[in-house]
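One structure is given here, and the rest of the page talks about it.
Here, each number is a calculation from the coordinates, and none is a lab measurement. None of these values were measured; they are calculated from a predicted model. Neighbour counts run over all protein chains shown; Cβ positions are idealised from the backbone, glycine included.
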Amino acid sequence: MEAQVNLVGVLLATLSSMVVGSVWYAKPVFGKTWMKLVGLTDKDFKEMSWTPMVFAIVRSAFLAYLLAYLAFVANAFYGNSFTQDSLKVAFMISLIVVPTMVMHDLFEGRRKKISLINGLHEFVTIMVMALVIGVVGL
């Protein structure tokens, strides 16, 4: 059996991560608090290079592909709906990613509020990506 990956689902999931990030880190949501906690000013943010954004897009594409691939494998094993198995995989991936982020934050002495904002963002992003992949299907 060879895993099938729907590239349209991967593309849409990648785009969904950008949407979630744009909303999550918008000033009225968590952006203002996040900028204050990490010490960024509006000027710093506007002068930031495109490198972090390019990295975020590439990373999201890799994550979306991985989610789609593992969702196919999980669906072949569990046999639930594709959406349900996609969300199950995303939750399991989140159980690795989010605690790893928090661990790094703890070692770096970051404030718990930053860990909370970033960790929840990562969890929501991964779950939304999986939902998109699950709904689009194979």
Computed over the chain: longest principal axis from alpha-carbon atoms vs helix 7-24 long axis, angle to nearest 10 degrees, is 30 degrees
3J(HN,Hα) from dihedral phi, the range 46-54, Karplus parametrisation 6.51/-1.76/1.60, rounded to Hz, x for glycine, proline: 5, 8, 5, 5, 7, 3, x, 5, 4
By how many degrees, 0 to 90 and rounded to 10, does the Cα axis of helix 82-107 deviate from the longest principal axis of the chain? 30 degrees
Inter-part distance where the range 1-73 and the range 99-119 are each reduced to a Cα centre, Å: 18 Å
Hand me the tally of lysine pairs in the chain: alpha carbons under 23 angstrom apart, and the pair either on different chains or 8 or more positions apart. 13
Work out how much length Thr100 to Val38 would gain on full extension: take 0.36 nm times their residue separation and subtract the Cα-Cα distance, in nm to one decimal. 20.4 nm
The exposure ranking of Ile57, Ile93, fewest beta-carbon neighbours within 10 Å first, is Ile57, Ile93
Relative to the longest principal axis of the C-alpha atoms of the chain, give the angle of the C-alpha long axis of helix 112-136, reported between 0 and 90° and rounded to the nearest 10°. 30 degrees
